[in-house]
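Taking it in order: structure first as structure tokens, then the write-up.
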Amino acid sequence: MALSEADVTSALQNLPGWAYNDGAITKTYALPSYAAGLAFASAVGIVAEGLNHHPDMTIGYKKVTVLFTTHDDGNVVTDKDIEAATRIEALQFPRE
């Protein structure tokens with residue numbers, strides 16, 4: 001079920017750096033190297049696989065952008081997206 005904009009905004013207060021835009025939540029992570037970005041993206045993939053909820057990711061030089069929306073519910077933000085973002089925030093990775 002889609003979260004209201006107020007619910008998403010409230011949830012993002014506990015997720016520093018995450019933003020809400022066009023029915024999705026997103027964050028770009030700055031990492032110390034390209035290799036660290038690849039490792040981080042792989043860890044995000046493992047979290048996503050465990051939740052059976054997969055983000056769109058862009059891997060660049062020393063950065064990874066993660067975007068979540070719930071496709072099954074019509075490309076809106078749901079509790080699934082917030083849970084996935086929360087678990088990703090808990091990953092221990094060096095950040096720039």
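The values are calculated or read from the model by the stated rules, or taken from the named source; none is laboratory data. Computed from a prediction, not measured in an experiment: that's the story for all the values here. All Cβ positions, even for glycine, are placed from backbone atoms using ideal geometry, and neighbour counts span all protein chains on display. Accessible surface is based on the protein model in full, side chains and every heavy atom, while ligands, DNA and RNA are left aside. Shrake-Rupley method; radii C 1.70, N 1.55, O 1.52, S 1.80 Å.
Measuring with a 1.4 angstrom probe and ignoring ligands and nucleic acids, Ser42 comes out at about 70 Å² accessible.
Among the chymotrypsin sites (Phe, Trp or Tyr not before Pro) found in the range 20-96, those both in a DSSP coil and sparsely packed, with 16 or fewer other Cβ atoms within 10 Å of their Cβ, are Tyr61. Counted residue by residue at 0.36 nm each, then reduced by the alpha carbon distance between them, the extension gain from Tyr61 to Ser42 reaches 5.3 nm. Under DSSP H, which helices of the chain have Cα atoms covering 24 Å or more of the helix axis and a Kyte-Doolittle average no less than -0.5? Passing helices, by number: 34-51.
Charge tally around Gly45: other residues with Cβ under 14 Å, Lys/Arg +1 each, Asp/Glu -1 each, net -1.
Write down the Å³ per residue value for the convex hull defined by the alpha carbon atoms of the chain.
So the per-residue Cα hull volume is 82 Å³.
Students often forget the sequence filter, so: which aspartates and glutamates lie under 18 Å Cα-Cα from Lys80 once same-chain residues fewer than 8 apart are removed? Reachable aspartates and glutamates: Glu5, Asp7, Asp22, Glu49, Asp56, Asp72, Glu89.
For Lys63, a cut-off of 13 angstrom between C-alpha atoms picks up these aspartates and glutamates, skipping any fewer than 8 places away in its own chain: Glu96. Ranked from largest to smallest solvent-accessible area, with a 1.4 Å probe on the protein heavy atoms, Thr26, Thr58, Thr69 come out as Thr58, Thr26, Thr69.
Less than 5 angstrom separates the built amide H of Trp18 from none of the residues sequence-distant by 5 or more or on a different chain.
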